[in-house]
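The next block holds one structure in the form of structure tokens; read it before the comments.
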Amino acid sequence: MANSPSGDSVTDRIVRILETFTPTRTVQTASDIGRRAGLPPSTAHRVVGDLVDAGLLDRDPEGRVRVGLRLWELATRSSHALRVRQAALPAMERVQARVREHTQLAILEQDEALFLERLSHPQAGANITRIAGRLPLHAASSGLVLLAFGDPELQERILAGPLRRVGPSTPTDPGALRRALAEVRRLGHAIAPGYIEEVSTGVAVPVRDRAGRAIAALSVVLPREAPTAPAVEELRRAARDVESALAAPA
């Protein structure tokens, strides 16, 4: 891709434009996109126009821009994440029917936990995660199992910090986090009370490949005072079902 006078490539500019969209910022003007992406107005309008023409962005009658269905279509073709989600959904529905709280599926993506699915009960407690949302690996039960059963290089990279505080009990000390990861490996699951919100406890188990590495994490978010053992057992059964589904011929 050709570079601009500032040295950034066309790909860099497209990525920066797409990253201005968030779960709560779904519609923007081209001028707002340019400002948030750090692009000159003329460049932003030109690239946004090209993306609209390609169907990757859509423009409404007022001239505002949103992510286009074409982008979603391309992203889901032959997607590993989609295959994991499809394999996990039946097991997640069984967990949700029994636990009746929040049931979630996450994968590792760029050193963060990326949430592919979330099922929730109408009376479920607090939970800040959302589909396509991210959390730091050290700050959530899903992230802890992805980290504990991940590559040693990943663990050392995260332990080197910085470890941002997300909730009242988020581990921000590398020594404490290292001990927590050792406990997760010993138990085979993670329990994270107050890591994100004081009133909630995250419980997660890994979905592993044949080498024992975590390729996904299944989790539930419980009220802080709720017992965790029943949820752990439900999640373990679900993880085995997902592993079997992923191992089956496509």
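The values are calculated or read from the model by the stated rules, or taken from the named source; none is laboratory data. No experiment lies behind these values; they were computed from the predicted model shown. Here the Cβ positions follow ideal geometry from the backbone for every residue, glycine too, while neighbour counts run over all protein chains shown. Accessible surface areas use protein heavy atoms only, side chains included; no ligands, DNA or RNA. Shrake-Rupley method; radii C 1.70, N 1.55, O 1.52, S 1.80 Å.
Figure legend. Inter-residue proximity from the stretch 228-247: first residues free of Cβ contacts under 8 Å to residues at least 60 places away in the same chain, second residues of a type in the set (A, V, I, L, M, F, W, C) and open to solvent by 40 Å² or more (accessible area, probe 1.4 Å), beta-carbon distance below 6 Å, spacing 6+ or different chains. Indicated pairs: Thr228/Ile191. Is at least one residue of the stretch 191-212 open to solvent by less than 50 Å² (accessible area, probe 1.4 Å), in a strand (DSSP E or B) and in contact with a His (Cβ under 6 Å, 6 or more places away or on another chain)? Yes, the stretch 191-212 contains at least one residue that is open to solvent by less than 50 Å² (accessible area, probe 1.4 Å), in a strand (DSSP E or B) and in contact with a His (Cβ under 6 Å, 6 or more places away or on another chain). Of all the criteria given as (1) part of a strand (DSSP E or B); (2) touching a helix residue (DSSP H, G or I) at 6+ places or on another chain (Cβ under 6 Å); (3) modelled with pLDDT of 95 or more, the one not satisfied by Gln104 is (2).
Within the stretch 84-124, restricting attention to residues that are within 13 Å of the chain's Cα centre (by Cα) and among the small types (Gly, Ala, Ser), the residue that is surrounded by the fewest Cβ atoms within 10 Å (Cβ to Cβ) is Ala113. Any residue at all in the stretch 209-216 that's modelled with pLDDT under 95, of a type outside the set (A, V, I, L, M) and farther than 21 Å from Glu112 by Cβ? Yes, that holds for at least one residue. Looking at Leu147, Leu159, which is the one that is more than 30 Å from Ala75 (Cβ to Cβ) and either free of Cβ contacts under 8 Å to residues at least 40 places away in the same chain or of a type outside the set (D, E, K, R) (or both)? Unique residue meeting the criteria: Leu159. Scanning the stretch 219-243 for residues that are part of a loop (DSSP other than H, G, I, E, B), open to solvent by 70 Å² or more (accessible area, probe 1.4 Å) and modelled with pLDDT of 95 or more yields a single hit, Pro227.
Of the residues making up the stretch 13-52, those that are of a type in the set (A, V, I, L, M, F, W, C) and closer than 27 Å to Leu135 by Cβ number 8. With respect to (1) modelled with pLDDT under 95; (2) surrounded by fewer than 19 Cβ atoms within 10 Å (Cβ to Cβ); (3) over 19 Å from Pro90 (Cβ atoms), the lone exception for Pro249 is condition (3). Among the residues of the stretch 112-130, not a single one is part of a loop (DSSP other than H, G, I, E, B), in contact with a strand residue (DSSP E or B) (Cβ under 9 Å, 6 or more places away or on another chain) and at pLDDT 95 or above.
Residues that are in a helix (DSSP H, G or I) and either free of Cβ contacts under 8 Å to residues at least 24 places away in the same chain or charged (D, E, K, R) (or both) within the stretch 83-101 comprise Arg83, Arg85, Gln86, Glu93, Arg94, Ala97, Arg98, listed in sequence order.
Residue under question is Ala176, and the condition is that it be farther than 26 Å from Leu82 by Cα and open to solvent by 10 Å² or more (accessible area, probe 1.4 Å); does it hold? Yes.
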